[in-house]
Amino acid sequence: MRLITLLATGAVVLGACGGGAPADTAARHGPVGGESGKALAAAQILRRGNGTEPQSLDPHRAEGVPSSNILRDLFEGLVAEAPNGELIPGAAESWKISEDGLTYSFTLRPDGRWSNGDPVTAGDFEFGLRRSADPETLSRYSSVLAPIRNARAVIAGDMPPEALGVEALDERTLVIRLETPTPYLLGLLTHSTCYAVHPDTVAAHGANWSRAETHVGNGAYRLKEWVVQSHIHLSRNPHYWDDASTTIDDVRYYAIENQDAELNRYRADELDITSTIPQKQLRWIRENLADEFRVTPYLGTYYFGFNVTKPPFAGQPGLRRAFSLAVDRDIIANVVSGAGEIAAYSWVPPVRGYQQQVPEEARWTQERREAEARRLYAEAGYSSGNPLKVEVLYNTSDNHKRIAIALAFMWKQVLGVEASLANQEWKVFLETRKRKEETQIYRAGWIGDYEDAYTFAQLLESTNEQNDFGYDSPRYDALLAAASAEPDIARRAEHLQEAERMMLADQPLMPLYFYVTKRMVKPWVQGYEGNIMDHIYTRHLRILER
C-alpha cells in the first residue's frame, strides 16, 4: 500500500476519535467577554502548552523554542517587539546609529528595574553581552554576536571578554561597536543571547542563579516555581517599567511533549494556548474547532541533517543527495503535515532582500528525482543486494515520528535503504547531536533569530556552535566572511546566495518544508496576534470574562 494511502487512512481513523460535532464558540463555552464582549476576567491567569521541558532559563545557555518562549516573559532586551513583530523600544527607550552604521548608542529607560527592584543599567547589558560571548559560558548561540567588534575572537578564546565592542558610558548609555554595518542588528538584539543578566545574582549563585529561588530578570514576569516535567509558573513583576500596561497576573507554561495529551487538556479547558497540534487530528480540528485554530507563516525550516563527519555520509555528497531526491516533499508537506506548510528544496525561507536559491531538481517530476536518486545510490556502492542501513534520530514527538516513518518508507521504496528509528527526550537529543558520535541522520528545525538570510547561513559555518552536521567548507566560510564585511546590501545578498547554492550542492542537510505556526487559542484570550517570528509575549494578552 502506498504511503499516502496509509497516512490518509490513519488520519481518518484517528480524526474520528475526537468526538463531538461542529459548534460555535458561544455554544461550546457560553458568552465570552460579558455583554460588551470586552469585560476582563477577575482572575488573570494564562495557561500555555510549551512542548518539551526547557533545558535552561539562563538566557545565555538556553536553546530551543520552549526556553525562548519563557525567557521573553522573564527578560527584555534593549529592543522589544510589538504583537505584530514590529521592533519597538524595550529596555532602551531610544537609540542612535552613526552615519557609517558601525556605532549604536542606546539610552536605557530611567525606570527600568530588575525583578528584585534594582535599577537596570547600561553596565548590566555590558556585563551580559560579554558573558554571552565568553567561551566559559558555553553558549550555543554566541555566534549571534558575531557582528560586534572582536566578537569572533572573544568567542574563540583569542581575546578576553572585555575586548568585546560594548561599553557602558554611564548608567544609562550603552555603546555597541560593530565590525561592519549590520542592517539586522536591532532585530538580533531581541534574541536571548543579547539579554542582560543581573551581575550580583550571577556572582552570588554561579551556575545555579537561574533556578526559581534565585532567578532575577528584567521582564514583565518573574520566575515563581519550576516543577520539572510539569510546569513553570511565572508571576507578574511589579518592578517592570510598564507593569501598568500588563494585565495577566500569572502564566503557567506546561511541558507536554505528547500533542494528543496537549489537545485533550486544551479541550478540557486546562490550557488556553497550545504549543502546536497533533497532525493526525488536523481534519477534526478544522471541522470542529476552526474558530480556535490559528495558522501563521513562520520564519523557519524543517529539515533532516546528515552527520558528514563519519560513515556512511562522510565524503559522500552523492549519497546524501540520493537520500534527499528520494523524498516526496509534497506528500510530507501536504499529507503528513498538511497545515499549510510549503515544501522546501532550499534552505533559506522567503525573507526580505534575498533571492531564494531553488535547485534544479525542484522543477523535476518526482519520478525523475527518484531515478536520479537510484543512480546516485548505486554510484555510492549500494543496491538491493547491498542495502545501506542507517539510524534516523528524532526528538520525542508524535509529529516528528510520523515524518520519520514517512522518510524511512520512501527511502525503502525508492532505494532499498533499511532505516531504523530512534527517539530521545529533548535534552538528551541535543547532547547526542552535539557530540556527533552517535548520529547518522537526525531531525531538526531552524527558526530564524531575526529576519535576514544570515541567520540561516550562519548555522553551517564551520565554527558555529550549532553546526551539528560537522560541515566544514573553507569556501563557504569565506563567502560568509565576505557577506559580513560587505557594506553594499545587494552585493552582500549575492555572497549569501552563492554560499547557499554551494551548500545545497554539498547536501549536508535535507530541507523538507518551511514552517507555519499552528496552535489552538481559546476565544477568551484577547490580544493574540500571530507574527512571522512567533514571538508571543504574555504582557500583550488579556483574559476575557466567561
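The values are calculated or read from the model by the stated rules, or taken from the named source; none is laboratory data. Everything quoted here is computed from the prediction, not taken from an experiment. Cβ placement follows ideal geometry from the backbone for every residue including glycine, while neighbour counts extend to all protein chains displayed. We work out accessible area using only protein heavy atoms, side chains counted, and drop any ligands, DNA or RNA first. Shrake-Rupley method; radii C 1.70, N 1.55, O 1.52, S 1.80 Å.
A simple rule links phi to the HN-Hα coupling: the Karplus curve 6.51 cos²θ - 1.76 cosθ + 1.60 with θ = phi - 60°, which for the stretch 367-382 gives 4, 5, 4, 5, 5, 5, 4, 5, 5, 5, 4, 5, 4, 7, x, 10 Hz, with x for Gly and Pro. So if we plug the beta-carbon distance of A314 and A42 into 1/(1 + (r/R0)^6) with R0 = 60 Å, what FRET efficiency do we get, rounded to 0.05? Taking R0 as 60 Å, the efficiency between A314 and A42 is 0.45.
Close amide-amide hydrogen proximity is noted between E225 and H233, each under 5 Å apart and 5 or more residues distant or on a separate chain (H modeled in the peptide plane; Pro and chain starts excluded).
For the stretch 298-357, just say rounded, prolate or oblate: build the C-alpha gyration tensor, square-root its eigenvalues into a ≥ b ≥ c, call rounded for a/c under 1.5, and beyond that prolate if a/b exceeds b/c, oblate if not. It is oblate, given that a/c is not under 1.5 and a/b is not larger than b/c.
With the helix formula -39500 (n - 2.57) applied to DSSP H stretches of n ≥ 4, the chain reaches a computed 222 nm mean residue ellipticity of -8500 deg cm²/dmol.
With a Förster radius of 35 Å applied to the beta-carbon distance between E270 and S56, the computed FRET efficiency rounds to 0.85.
For the pair E425 and A290, label points projected 7 Å from Cα toward Cβ lie 4.1 nm apart. Length available on full extension from N116 to A204: 0.36 nm per residue minus the Cα-Cα distance, which gives 30.3 nm.
Extension gain, A156-A485: 0.36 nm per intervening residue step, less the Cα-Cα distance, totals 116.6 nm.
Checking [x] 38, 32, 20; [y] 41, 31, 23; [z] 62, 25, 19 against the coordinates, the calculated semi-axes √(5λ) of the Cα gyration tensor in Å falls under label [x].
Here the Karplus curve 6.51 cos²θ - 1.76 cosθ + 1.60, taken at θ = phi - 60°, turns the phi angles of the stretch 220-230 into couplings of 6, 9, 10, 6, 9, 7, 9, 9, 4, 6, 10 Hz, with x standing for Gly and Pro.
Database remark: amide H of L46 closer than 5 angstrom to the amide H of D250, V251, R252 (H placed geometrically; neighbours at sequence offset of 5 or more, or on other chains; Pro and chain starts carry no H).
Label positions at A378 and E418, each projected 7 Å from the Cα along the C-beta direction, are separated by 2.2 nm. Note that the stretch 238-250 has calculated 3J(HN,Hα) couplings of x, 8, 4, 4, 10, 4, 5, 9, 8, 10, 6, 8, 9 Hz, one per residue in order, obtained from phi through the Karplus relation 6.51 cos²θ - 1.76 cosθ + 1.60 (θ = phi - 60°); glycine and proline are x. Here the accessible area is traced with a 1.4 Å probe on the protein chains. For the stretch 322-387, carbon and sulfur cover 46 percent of it. On the stretch 217-319, 47 percent of the accessible area sits on carbon and sulfur atoms, based on a 1.4 Å probe. Under the rule a/c < 1.5 gives rounded, and otherwise a/b versus b/c splits prolate from oblate, where does the stretch 37-102 land using the Cα gyration tensor? The shape class here is oblate.
Peptides 430-436, 346-352 ranked from most to least packed give 346-352, 430-436, packing being the mean of other C-beta atoms within 10 angstrom over each peptide's residues. Protein heavy-atom surface of the stretch 438-546, 1.4 angstrom probe: 47% of the accessible area is carbon and sulfur, with nucleic acids and ligands not counted.
Per-residue packing, averaged as other Cβ atoms within 10 Å, sorts the ranges 525-531, 514-520 into the order 514-520, 525-531, beginning with the highest.
What lysines does K522 reach when the alpha-carbon gap must be under 28 Å and sequence neighbours fewer than 8 apart in one chain are set aside? Excluding near neighbours in sequence, the set is K38, K224, K280, K401.
In this structure the chain gives 39 Å² per residue of accessible area when probed at 1.4 Å with all protein chains present. Expressed to the nearest 5 percent, the antiparallel share of DSSP beta bridges inside the chain is 80 percent. Shown is the FRET efficiency for D330 and E391, computed with R0 = 30 Å from the Cβ-Cβ distance and rounded to the nearest 0.05: 0.70.
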